[in-house]
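The numbers here are math on the coordinates, done by the rules we state, and not lab data. Note that this is a predicted model, so its numbers are computed, not measured. We place every Cβ from the backbone using ideal geometry, glycine too, and count neighbours over all the protein chains shown.
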Amino acid sequence: MRDAYIVAVASTNFGRHLDRSHSDLVSSVVDELAADAKLEDLTLAEQIWFGSSFLDAWGQPNVRGQAVLAPLVESGKLANRVPIVNVEAACATSASALHGAVTSVRAGESEVAVALGVEKMHLGERAPAGTILDLLAGCAERLDKGRLESMYAAASADVGRTWGANPDVSMFMETYAVQACLHMARYGVGVEALATICAKTHNYAAENPLAQYQFTLTPEQVLQDRMVATPFTRSMCAPISDGATGVMVFSAEWLARQDPDLRRRAVRVAGIGIASGSYTRNPSEPTLSRYAGRRAFAQAGLRPDQVDLVEVHDATSYAEILQLEMLELCPEGAAAKLALDGETGPGGSLPVNTSGGLVAKGHPVGATGLSMIYELTKQLRHEAGSRQVPDARVGLAENGGGVLGLEEATCFVTLLEGTR
């Protein structure tokens, strides 16, 4: 395979964009991508991989990318007749889009490919159908709903919980809560570790001008917040968000023809590993991210101890504990102590979620995966400002999507390597 490089990244701020359309949000990202790559427009892009999960709530269940990007083609920002490929993988949707763009370049099908993700989760009065809880529920397996619920009911009973007791809470927060309680009981992890992780992540977001929540928290404030799904307080849970993100991928051959500054800022896609969830997993076994991570490391020819910083899919703050262990960045049962000792925060040996993570940066489902790539790229270019991790060279992003059994339905692990 040819090498593929990220040369341009872009993101809107995350939060409420009630007065902006999907097309308008993506248009801002396309403009920013062009500027980052020192181009007038993106008409040289030979493929567009487009991701969004909830456009059906806005009346566009199919041909989503073609519909959203039509104004950009008509305005000349994108080439007429450009191939547009639609992807969907719940919360891992835009990581899937990136994989498509990278694969296209690696295979020699295109020299330049673009991955885009967009979501508007604040439905307001403009959305013709559905509620946010309805949409989120669709990210879990629905063909055999009873099977999934019976599995979680049994797991809940094992930790003294009642499954489905609070219908006003997203089922995802409940599934994560059950998984967290099982892990915490097994390794003796207390809520103080979750609060420490959450406060650290929010404090990183306070330094990120694109984050939805830009205020600091202490662990004590995190624990005093409203309980959502034990052991998670509101601060430990990702909010609903609107936003768009984009990444531009180029071949090594294209990059070699560009000016030295652009080559210096390029980031190599070292490896992407993918795995799917399974109903066969029991709580004592590794999750799917273990398999995706090992595939990514094998493809990249890298080891976990070479990773300098990590962005994990923290729909809840528990994810930092789980994923550091599943990705073999620390021994199983050791991630909580790593966080309590400050090793995943500023100045630590393995900074995690310097963007503010999903819990504070925000979580516009179809754009989330690429927002992790945006942060890692900025860090590996040494352009992250006050959040900068010194001497960052290798970054890892873990982006999970959906629920299938006692884990996510899909997971993408991406390894990036700076070329500075």
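Structure notes:
- Relative to the current alpha-carbon distance between Glu192 and Asp341, full extension at 0.36 nm per residue lengthens the span by 52.5 nm.
- Kirkwood hydrodynamic radius over Cα pairs of the stretch 178-286, then Stokes diffusion coefficient at 10 °C and 1.306 mPa s, in µm²/s: 87 µm²/s
- Counting all C-alpha pairs of the chain, share separated by more than 33 Å (%): 27 percent
- One Cα centroid belongs to the stretch 104-172, the other to the stretch 67-91; the line between them spans 24 Å.
- Peptide packing for 279-286, 374-381, 292-299 was compared via the average number of neighbouring C-beta atoms within 10 Å per residue; ordered from the highest value, the list is 374-381, 292-299, 279-286.
- The stretch 24-31 - phi-based ³J(HN,Hα) in whole Hz, Karplus 6.51/-1.76/1.60, Gly and Pro as x: 5, 4, 5, 4, 4, 5, 4, 4
- Ranked by the mean number of other Cβ atoms within 10 Å of their residues, highest first, the peptides 349-360, 219-230 fall in the order 349-360, 219-230.
- Volume per residue of the convex hull around the Cα atoms, evaluated for the stretch 366-415, comes out as 84 Å³.
- Using equal-weight Cα scatterers in the Debye expression, the normalised intensity of the stretch 143-237 in log10 at q = 0.20, 0.24 Å⁻¹ is -0.98, -1.19.
- C-alpha center-to-center spacing [the stretch 367-420, the stretch 240-319] in angstrom: 6 Å
- Pairs exceeding 32 Å between alpha-carbon atoms, taken from Lys120/Lys200; Lys38/Lys200; Lys38/Lys361; Lys120/Lys378; Lys337/Lys361: Lys38/Lys200.
- Of the residues Glu40, Glu207, Glu383, the one that moves most in a GNM of the chain with alpha-carbon contacts below 10 Å is Glu40.
- Choice from Gly108, Gly401, Gly362 showing the highest fluctuation, given a GNM over the chain with Cα pairs closer than 10 Å: Gly108
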